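Notes for the one structure printed next.
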Amino acid sequence: MTILVTGGAGYIGSHTCVELLVSGYDIIVVDNLSNSKRESINRIQEVTGKEFRFYQEDILDIDALSLIFLENKIDAVIHFAGLKAVGESVSPSLWHYYNNIAGTVRLCEVMKNYNVKKLVFSSSATVYGIPDSLPISEEYPLGATHPYGRTKQMIEEILRDLYQSDYEWSVALLRYFNPIGAHKSGRMGEDPAGIPNNLLLYISQVALGHLDELKVYGNDYPTKDGTGVRDYVHVADLAIANRKALEKVFDSKGVDAYNLGTGTGYSVLEMISAFEKVSGRKIPYRMVGRRPDDRGICYANPAKAKYELGWSARRGLEEMCQDSWRWQLNNPKGYSEMTKVLLD
């Protein structure tokens with residue numbers, strides 16, 4: 001089977017490409033490289049030893065997208081492409097709405113034209129907004145609090161409406177909690193660009209000396225140490241979840257949402273401590289005020305994914321930190337530069 005992976009050069013997308021290739025799938029990757037690098041594609045091929053087609057195109061370009069479907073026999077789509085940074089989405093919100101929503105609509109239009117109606121969509125736990133109770137299950141009311149989260153929520157609603165208009169569609173909505181970690185080889189990971197939004201990537205950059213300190217936003221939450229608690233999940237586990245969701249959409253019809261998390265929350269200070277233990281480096285940090293609309297505590301109830309997809313997170317916090325640190329040591333500037341440093 002041949003799977004089109006949009007945004008396949010990105011963080012979760014690239015790891016999912018590896019998982020698909022080693023599992024026997026053929027893949028085609030389309031990515032405009034607006035927030036990823038071509039080197040990521042090279043690393044996928046290096047890690048797997050397999051070749052695949054790559055198109056540097058934007059899914060907003062419906063002619064280019066149509067040509068990809070015309071040139072290839074595509075069986076299903078895993079859709080990662082879209083602007084992702086929560087912080088950035090608060091300001092240029094119109095561009096986020098246009099890029100993420102219009103891009104998905106055009107993708108689905110082309111899929112329909114070529115009778116490809118199997119889709120795995122990368123959503124986000126941000127669709128839940130600020131939870132009133134924990135853990136968060138898929139039945140929890142949606143209420144995203146910033147433009148990025150709202151684009152994910154709107155796309156979910158569009159895909160549900162799409163199914164109501166054509167019951168041949170099969171769609172899995174994957175609500176990621178907090179992705180961290182990197183490929184075990186140290187050759188693939190999250191590419192740092194500017195000030196990281198991912199906490200562990202931020203901590204890693206401080207450990208390398210690229211940033212002076214970590215800002216901890218809020219120390220007055222109702223948690224064990226006052227800092228925010230999140231559900232961190234290894235990117236390799238998320239890649240497996242995408243493969244499992246793909247198997248599900250091939251075997252069913254309809255639209256289903258799945259929480260992808262460990263079901264365990266860790267505070268910011270716990271994350272700092274865990275990383276210091278793995279890296280052997282002290283992480284200087286400074287307490288600052290809360291950010292607007294930040295959630296104090298957020299962690300998943302992943303039971304539905306376990307029951308319906310046969311998926312659960314396998315990697316623990318120490319392994320997440322080890323893999324992140326190995327990636328950063330070997331790639332201090334991400335895919336822009338490579339140095340030979342190994343972590344035992």
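The values are calculated or read from the model by the stated rules, or taken from the named source; none is laboratory data. All values reported here derive from a predicted model rather than from experimental measurement. Neighbour counts are summed over all protein chains in view; Cβ atoms, including those assigned to glycine, are modelled from backbone coordinates with ideal geometry.
Yes/no matrix, rows are residues, columns are (1) out of contact with any helix residue (DSSP H, G or I) (no Cβ under 6 Å at 6 or more places or on another chain); (2) under 29 Å from Leu20 (Cβ atoms):
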site: Gly228; (1), (2): no, no
site: Val235; (1), (2): no, yes
site: Arg243; (1), (2): no, yes
site: Thr264; (1), (2): yes, yes
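For the stretch 106-122, what are the residues that are part of a loop (DSSP other than H, G, I, E, B) and among the aromatic types (Phe, Trp, Tyr)?
Tyr114
Among the candidates Lys282, Lys248, Lys253, Lys306, single out the residue that is touching an Asp or Glu at 6+ places or on another chain (Cβ under 8 Å) and free of Cβ contacts under 8 Å to residues at least 12 places away in the same chain.
Lys282
Pick from Tyr148, Tyr221: which is among the aromatic types (Phe, Trp, Tyr), out of contact with any helix residue (DSSP H, G or I) (no Cβ under 9 Å at 6 or more places or on another chain) and crowded, with 17+ Cβ neighbours inside 10 Å?
It is Tyr221.
Of everything in the stretch 107-133, what is at pLDDT 95 or above and among the charged types (D, E, K, R)? Give them in sequence order.
Residues satisfying the conditions are Glu109, Lys112, Lys117, Lys118.
Across the stretch 334-344, which residue is nearest to the chain's Cα centre (by Cα) among those that are surrounded by 14 or more Cβ atoms within 10 Å (Cβ to Cβ) and either part of a loop (DSSP other than H, G, I, E, B) or modelled with pLDDT of 95 or more (or both)?
This residue is Met338.
For the stretch 123-230, which strands (runs of 3 or more DSSP E) that fit wholly inside it have 3 or more residues that are touching a Pro at 6+ places or on another chain (Cβ under 9 Å) and closer than 30 Å to Asn42 by Cα?
none
Considering only the stretch 242-251, I want to know if a residue exists there that is among the aromatic types (Phe, Trp, Tyr) and in a loop (DSSP other than H, G, I, E, B).
No, the stretch 242-251 contains no residue that is among the aromatic types (Phe, Trp, Tyr) and in a loop (DSSP other than H, G, I, E, B).
Tally up the residues in the stretch 293-321 that are within 22 Å of Leu201 (Cβ to Cβ) and either of a type outside the set (Gly, Ala, Ser) or assigned to a loop (DSSP other than H, G, I, E, B) (or both), please.
So the count comes out to 16.
Would the stretch 16-25 turn up any residue that is modelled with pLDDT of 95 or more, hydrophobic (A, V, I, L, M, F, W, C) and touching a Leu at 6+ places or on another chain (Cβ under 6 Å)?
No, that holds for no residue.
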